Amino acid sequence: MGLRWFHYVLWGGLISGMFLLPQVVSNGTLRTMIFANYLAIFAISWDVLSGRTGYVSFGHPFLIGIGAYTTAILTKRFDVPVEISIPVAVVVTMIAGLLVLLPALRIRGSYFALVTLAFMELLYQLVQVIRPDLTGGTRGMSGIQTLTRGAANGYYLSTALMLSVAVSMWLLMKTRIGTALAAIGMNEESVRGSGLSTTRLKAFAFLTSALIAGLGGAFYVHYLGSLAPRALFDINFLFTIIVAALLGGTSTIIGPMIGAFFMTFLLEYLRPVLPGAERYFVYGAIALLLYMYQPKGLVELAQRGFQRLRKGGLA
Amino acid sequence: MLQILIQGLLLSGLYALIAMGFTLIFSIGRVLNLAYGAYLMVGGYMYFWVSQTLGMPKLMGVAVAALLGVLMGVLKYRLIVKTLKGDHVAVEISTLILAVVIQAGIVLVFGDSSKILLPIVPGVINVAGASVTYNILIATLISWAILLGLYAFVRLTHTGRAMQAVSMDAKGAAISGIDPDRINLITWGISGALGALGGVFFASYTQLSPSMWVAPLIISVAVVIVGGIGSIIGTLVVAHIVGFLEVIVVATLAPELRGVFTMLLIIGVLVTRPQGLFGREEL
Amino acid sequence: MTAALQVSGLVKRFGGLVATNDLSFSLQEGESLGLIGPNGAGKTTVFSQIMGELRQNSGTIELFGQEISGLSTPQRIRAGVSRTYQIPRPFGDMSVAENIRVGLMPDDIWRMIVSRPDTDREKELALSVGFSETDLGRSPAELAMGDLRKLEMARTMATAPRVMLLDEVFAGLTVGEIAQISDLIQSMRKDGMTFLIVSHDLPALEPLIDRAIAIERGTMIAEGSFSDVMNDTAVQASYLGGV
């Protein structure tokens, strides 16, 4: 699989660093880190599908929301234990992923992005009117069972989840499936012309992406303890996920992770300067400029800087 | 029944106006301008600021809003669309980001809470048992006038015909001496103005809020997708399908479901007939 | 003996235009057939129908006796027929080796994940089309047209075809590159590969084929040895008319 010694060192360093962090930082920082962890999971999920295959999803909150709502309804309304409700939520999300796959079999590019956006808005409207006794209607739900108490425990859980998703996706994408999915993003016709069924490959990408989205959504709602349709099926939320993946660098696993942490902490540091939603103004402007002039993301930028440094050092 | 007919006609006229600017861009440049909804919002807020905060004449408010729309369209073409040279997905992602930036900008200037726009033309008229505000009636009439004007412009003027040529075949048009860049710039300007004007009327029909841009964007998207690649007639027809669908759902099912069928229409058409119901037509 | 490729009564219409008009020909295993005709004669359309990228309106396509008209493009490639494109379509952000890797992949997701890429075979294919070992890590953006065609050949060969369709393999190549690709085709012919070749470069095409057919506006106008076809009055008229 081409694992090299520095891969072990870097991942080992990251994992131990992240688990030692609660010893040195405040609870407030840990809470920010928790959000960054979940955002990283969502961004990885988006990237596995959109970053690789080029099928840009504008509807990821749709998948995340299905995972979150499923487990929330099961635990709160039917007293199902989380050990069962979370796996069920993941499976339901994967079924929903197949629903999104259907249009992708016929259309791509702009049209696909739009149809996923329509899926998100559709669910937003439906969740408010269909069985509000279950979904909590417009106001959403609160008092959902939480899995952890205290910032440190929440941090450990989210970190463990995020790192296992990241490592397993990183390993998976290093195999030939990662190459095949990326090939679809570059030229789908040539993939078919190489004798590979792109339908099956796309189905795999959609299911994997949905699995991660459902897992992330389910754990996230059991961390928050509440959910509201407007916060979940929201273009701002979608925007945060996509920008995290793009900023870090798509088609890498580390990119969306870095992007998620960069975004979360940027928002956090802007908070004292610009309280409220105005932060998105600065944040969006930075994201837009970076995207327009550095479309390959921060990871690529760092790599190039590193190479230049090395060349400079040798000269 | 008659009430549904009247309300459907009025709403559809408004939707046609809203969708027109979006269709134009799609037809000429084949790009989806996801910040289009933000034009509407900025138009609405600009009118609000000029006419209600500054207390200037309403017509002045409408004019300032339209001018700002032109400016936004032109700037966006120059700074974003041209820079990204035809990479459709990149244009869509960056216009989506831009929409969020504009939304945050509106919050920054006008605050988070929604604002009620006074009717542009106050008063109510009773048509066949249905009460109709002059405001929406005027909005619909103006919308029809603008659409007719646009149709005449595209058919009869030199620039309009050049736009048609670019929309059919950009390369061919360039060979026959049309500067596609200039045509694109003009189209983005017109689209911006239409968006801002549509926004003034849309805001007076609903209300002003920093998240008001999503609904008209979805409507525009539906019209473009269901109608196939933008023709003025196709836009008009589909705007009526979407408008009537909404009015009928609100009257017979539940008001909360108003957008559901629009969304289902988008999904259904894209999955079954990706080329749209009316296929490829000229402008 | 069953033919390697048997095309019978193929018809393809685009609206009122007949792109392929009742075309029939066959290729024996190990044979190399040239498909010639002026621009717009419908040569690439024939390729697309054999590969299933376009569906014919009527007619049959048999590969080693198996009717393949109902199969998808990937299925046809698995059945043993593969093509190159007039305009090479590499995966832009991948190295030469990774481009070939895609062609070598099994159409089975599980095996893609659990088994390693066969880097020896990747190298072997790359070297066989004339790349050097240092080229393996290069990206298509750095390659000249000749190298892109070689890459296209290598990726097509990676799918282990028994019949190869080559579309304008010499377009945009230097004399040296033409010689290189010709040598490659000749050595594959010796190994028993079956070819259907489209080319405008008739002098380069001649030594590579056993037989030729000429089409004009989708209709076959001549069939036979290369010199017979070239001396056919209808062919000469169509070339003069087409130029």
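The values are calculated or read from the model by the stated rules, or taken from the named source; none is laboratory data. Being a predicted model, the structure only gives us computed values, none of them experimental. With ideal geometry, Cβ positions are generated from the backbone for all residues, glycine too; neighbour counts draw on all protein chains shown.
Across the stretch B:167-189, what is the number of residues that are at pLDDT 80 or above and not hydroxyl-bearing (Ser, Thr, Tyr)?
So in the stretch B:167-189, the residues at pLDDT 80 or above come out as B:179, B:181-189.
From what's left, not hydroxyl-bearing (Ser, Thr, Tyr): B:179, B:181-186, B:188-189.
Counting residues in the stretch B:167-189 that are at pLDDT 80 or above and not hydroxyl-bearing (Ser, Thr, Tyr) gives 9.
Is it true that residue A:120 is away from chain B (no Cβ under 14 Å), closer than 30 Å to residue B:88 by Cα, aliphatic (A, V, I, L, M) and in contact (Cβ under 8 Å) with a residue 60 or more places away in the chain?
Details: away from chain B (no Cβ under 14 Å): no; closer than 30 Å to residue B:88 by Cα: yes; aliphatic (A, V, I, L, M): yes; in contact (Cβ under 8 Å) with a residue 60 or more places away in the chain: yes.
No, not satisfied.
Check C:73, C:84 and return the single one that is in contact (Cβ under 8 Å) with a residue 12 or more places away in the chain, out of contact with any Pro (no Cβ under 8 Å at 6 or more places or on another chain) and within 23 Å of residue C:220 (Cα to Cα).
Working: C:73 fails: within 23 Å of residue C:220 (Cα to Cα).
The conditions single out C:84.
In the list A:103, A:132, which residue meets the criterion of being more than 9 Å from chain B (Cβ to nearest Cβ) and without any contact (Cβ under 8 Å) to a residue 60 or more places away in the chain? It would help to see each step written out before you state the result.
Numbers: A:103 fails: more than 9 Å from chain B (Cβ to nearest Cβ).
From the options A:103, A:132, the qualifying one is A:132.
On the basis of being more than 30 Å from residue B:130 (Cα to Cα), surrounded by fewer than 17 Cβ atoms within 10 Å (Cβ to Cβ) and of a type in the set (Gly, Ala, Ser), does residue B:69 make the cut?
Numbers: more than 30 Å from residue B:130 (Cα to Cα): yes; surrounded by fewer than 17 Cβ atoms within 10 Å (Cβ to Cβ): no; of a type in the set (Gly, Ala, Ser): yes.
So residue B:69 fails the test.
Scan the strands (runs of 3 or more DSSP E) fully inside the stretch C:145-243 and keep the ones with 1 or more residues being touching a Leu at 6+ places or on another chain (Cβ under 9 Å) and of a type outside the set (A, V, I, L, M). Can you show your working first?
Working: elements: C:163-167, C:194-198, C:211-216, C:219-224.
Ranges flagged: C:194-198, C:211-216, C:219-224.
Of all residues in the stretch C:119-136 being buried (at least 16 other Cβ atoms within 10 Å of the Cβ) and in a loop (DSSP other than H, G, I, E, B), which is farthest from the other protein chains (Cβ to nearest Cβ)?
Across the stretch C:119-136, the extreme among qualifying residues is C:130.
What about residue A:72, is it within 14 Å of chain B (Cβ to nearest Cβ), at negative phi and in contact with a Leu (Cβ under 7 Å, 6 or more places away or on another chain)?
Values: within 14 Å of chain B (Cβ to nearest Cβ): no; at negative phi: yes; in contact with a Leu (Cβ under 7 Å, 6 or more places away or on another chain): yes.
Here the answer is no, as residue A:72 does not meet what is asked.
Looking at the stretch A:230-257 only, could you name the residues that are at pLDDT 90 or above and not hydrophobic (A, V, I, L, M, F, W, C)?
Residue satisfying the conditions is A:256 alone.
Residue-wise test of (1) surrounded by 23 or more Cβ atoms within 10 Å (Cβ to Cβ); (2) of a type in the set (D, E, K, R).
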position	(1), (2)
A:20	no, no
A:42	yes, no
A:76	no, yes
A:81	no, no
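Output the residues belonging to the stretch B:60-113 that are more than 9 Å from chain A (Cβ to nearest Cβ) and hydroxyl-bearing (Ser, Thr, Tyr).
B:77, B:95, B:113
If residue A:58 passes every condition in (1) of a type in the set (Phe, Trp, Tyr); (2) within 14 Å of chain B (Cβ to nearest Cβ); (3) free of Cβ contacts under 8 Å to residues at least 12 places away in the same chain but one, which one does it miss?
(3)
Taking the stretch C:40-67, which residues are in a loop (DSSP other than H, G, I, E, B) and within 14 Å of another protein chain (Cβ to nearest Cβ)?
At the first step, the residues of the stretch C:40-67 found to be in a loop (DSSP other than H, G, I, E, B) are C:40-42, C:52-57, C:64-65.
Matches in the stretch C:40-67: C:52, C:53, C:54.
Within the stretch B:114-135, is there a residue that is at pLDDT 80 or above and within 14 Å of another protein chain (Cβ to nearest Cβ)?
Yes.
Does residue A:253 count as crowded, with 22+ Cβ neighbours inside 10 Å, within 14 Å of chain B (Cβ to nearest Cβ) and either within 20 Å of residue B:218 (Cα to Cα) or of a type outside the set (Gly, Ala, Ser) (or both)? Outline the logic, then answer.
Details: crowded, with 22+ Cβ neighbours inside 10 Å: yes; within 14 Å of chain B (Cβ to nearest Cβ): no; either within 20 Å of residue B:218 (Cα to Cα) or of a type outside the set (Gly, Ala, Ser) (or both): yes.
No: the conditions fail for residue A:253.
Matching residues to (1) within 14 Å of chain C (Cβ to nearest Cβ); (2) small (Gly, Ala, Ser):
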{"residue": "A:191", "(1), (2)": "yes, no"}
{"residue": "A:199", "(1), (2)": "yes, no"}
{"residue": "A:205", "(1), (2)": "yes, yes"}
{"residue": "A:216", "(1), (2)": "no, yes"}
{"residue": "A:219", "(1), (2)": "no, no"}
{"residue": "A:222", "(1), (2)": "no, no"}
{"residue": "A:228", "(1), (2)": "no, yes"}
{"residue": "A:233", "(1), (2)": "no, no"}
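With (1) outside any loop (DSSP other than H, G, I, E, B); (2) out of contact with any helix residue (DSSP H, G or I) (no Cβ under 8 Å at 6 or more places or on another chain); (3) within 27 Å of residue C:76 (Cβ to Cβ); (4) within 14 Å of chain A (Cβ to nearest Cβ) as the list, and residue C:141 as the residue in question, which single condition is left unmet?
Result: residue C:141 fails condition (3) only.
Mind listing just one residue for me: the one in the stretch C:94-117 that is in a loop (DSSP other than H, G, I, E, B) and not aliphatic (A, V, I, L, M) and, of those, farthest from the other protein chains (Cβ to nearest Cβ)?
The initial filter retains those residues of the stretch C:94-117 that are in a loop (DSSP other than H, G, I, E, B), namely C:94-95, C:105-108, C:115-117.
Imposing the further condition that a residue be not aliphatic (A, V, I, L, M) reduces the set to C:95, C:106-108, C:115-117.
Values: C:95: 10, C:106: 9, C:107: 5, C:108: 9, C:115: 8, C:116: 7, C:117: 6 Å.
Per the criteria, the residue is C:95.
Inspect all residues belonging to the stretch B:27-41 and state whether any of them is surrounded by fewer than 22 Cβ atoms within 10 Å (Cβ to Cβ), over 28 Å from residue A:234 (Cα atoms) and away from every other protein chain (no Cβ under 14 Å).
Taking every residue of the stretch B:27-41 in turn, none turns out to be surrounded by fewer than 22 Cβ atoms within 10 Å (Cβ to Cβ), over 28 Å from residue A:234 (Cα atoms) and away from every other protein chain (no Cβ under 14 Å).
Tell me which residues, restricted to the stretch A:119-136, are on the phi > 0 side of the Ramachandran plot and crowded, with 19+ Cβ neighbours inside 10 Å.
Kept after step one, since they are on the phi > 0 side of the Ramachandran plot, are these residues of the stretch A:119-136: A:131, A:136.
Correct list: A:136 only.
Assess whether residue B:71 counts as being closer than 27 Å to residue A:297 by Cβ, out of contact with any Lys or Arg (no Cβ under 6 Å at 6 or more places or on another chain) and at pLDDT 85 or above.
Numbers: closer than 27 Å to residue A:297 by Cβ: no; out of contact with any Lys or Arg (no Cβ under 6 Å at 6 or more places or on another chain): yes; at pLDDT 85 or above: yes.
So residue B:71 fails the test.
Starting from residues that are in contact (Cβ under 8 Å) with a residue 40 or more places away in the chain and small (Gly, Ala, Ser), keep the ones in the stretch C:87-134 and report whichever is nearest to residue C:150 (Cα to Cα).
Ranking the candidates gives C:130 first.
Does residue C:130 fit the bill of being more than 24 Å from residue A:53 (Cβ to Cβ) and out of contact with any strand residue (DSSP E or B) (no Cβ under 9 Å at 6 or more places or on another chain)? Before the answer, list the steps.
Numbers: more than 24 Å from residue A:53 (Cβ to Cβ): yes; out of contact with any strand residue (DSSP E or B) (no Cβ under 9 Å at 6 or more places or on another chain): yes.
Yes: the conditions hold for residue C:130.
Filter the stretch C:68-93 for residues that are at the interface with chain A (Cβ under 7 Å from one of its Cβ atoms) and either more than 16 Å from residue C:48 (Cβ to Cβ) or in a helix (DSSP H, G or I) (or both) and give the result.
Within the stretch C:68-93, C:73, C:74, C:77, C:78, C:91, C:92, C:93 qualify.
Applying the selection to the stretch A:68-100, what residues are touching a residue at least 12 places away in the same chain (Cβ under 8 Å) and aromatic (Phe, Trp, Tyr)?
If the condition is that a residue be touching a residue at least 12 places away in the same chain (Cβ under 8 Å) and aromatic (Phe, Trp, Tyr), then A:69 is the only one that fits.
Residue C:82: touching a Ser or Thr at 6+ places or on another chain (Cβ under 6 Å), within 22 Å of residue C:195 (Cβ to Cβ) and small (Gly, Ala, Ser), yes or no?
Values: touching a Ser or Thr at 6+ places or on another chain (Cβ under 6 Å): yes; within 22 Å of residue C:195 (Cβ to Cβ): yes; small (Gly, Ala, Ser): yes.
In short, yes.
Take the residues in the stretch A:280-296 that are facing chain B (nearest Cβ under 8 Å) and either part of a loop (DSSP other than H, G, I, E, B) or farther than 12 Å from residue B:102 by Cα (or both), then tell me which one is modelled with the lowest pLDDT.
A:295
Would you mind telling me which numbered condition in (1) free of Cβ contacts under 8 Å to residues at least 60 places away in the same chain; (2) crowded, with 22+ Cβ neighbours inside 10 Å; (3) not aromatic (Phe, Trp, Tyr) residue B:105 fails?
All conditions pass for residue B:105, except number (2).
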